[in-house]
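The values are calculated or read from the model by the stated rules, or taken from the named source; none is laboratory data. These figures come from a predicted structure and were not determined experimentally. As a convention, Cβ positions derive from the backbone with ideal geometry for all residues, glycine included, and neighbour counts pool all protein chains shown.
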Amino acid sequence: MTGHLIGHLDEIPVGEGRAYAVDGAQVAVYRLRDGTVRALAAVCPHLGGPLADGLADNHVVVCPLHGRAFDLITGRETGGGPGVCAYDATVDADGAIRVAVRSVT
């Protein structure tokens, strides 16, 4: 995949997320326990919560402010509320993380 080089996998602890500026967008990138990375818009649409600081498992991230959960693949809010953009994220063989700024949802 082509995309913006944003950093290295070692910069994100397993099970956590970090926020990056990618081509003018704020993107939260998560390093999941299964070894994959996922990327969503970094700001919760409810009240602007920092989604990179939310609790993530292999399926959802939970906003740290009010507990809204977002699917890490689609960006949809699990309760049916407004979702966030989901982005393609990959890790190169050398551990470099790339994010495509085009939305996948």
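Have a look at A41, A93 and point out the one that is in contact with a strand residue (DSSP E or B) (Cβ under 8 Å, 6 or more places away or on another chain) and either modelled with pLDDT of 95 or more or not polar (S, T, N, Q) (or both). If you could, list the steps in order and put the result at the bottom.
On the way: A93 fails: in contact with a strand residue (DSSP E or B) (Cβ under 8 Å, 6 or more places away or on another chain).
None of the other options fit; the residue is A41.
Test R98 against the stated conditions and say whether it is among the basic types (K, R), surrounded by fewer than 19 Cβ atoms within 10 Å (Cβ to Cβ) and modelled with pLDDT of 95 or more. It would help to see each step written out before you state the result.
Details: among the basic types (K, R): yes; surrounded by fewer than 19 Cβ atoms within 10 Å (Cβ to Cβ): no; modelled with pLDDT of 95 or more: yes.
No: the conditions fail for R98.
Which of the residues belonging to segment 18-77 are within 15 Å of A89 (Cα to Cα), crowded, with 19+ Cβ neighbours inside 10 Å and charged (D, E, K, R)?
Scanning segment 18-77 gives R31, R38.
Note down all Cβ pairs under 9 Å where the first residue falls in segment 57-68 and is touching a residue at least 40 places away in the same chain (Cβ under 8 Å) and closer than 15 Å to V84 by Cα, the second is part of a strand (DSSP E or B) and of a type in the set (F, W, Y), and they're at least six residues apart or on different chains.
V61/Y30; V61/F70
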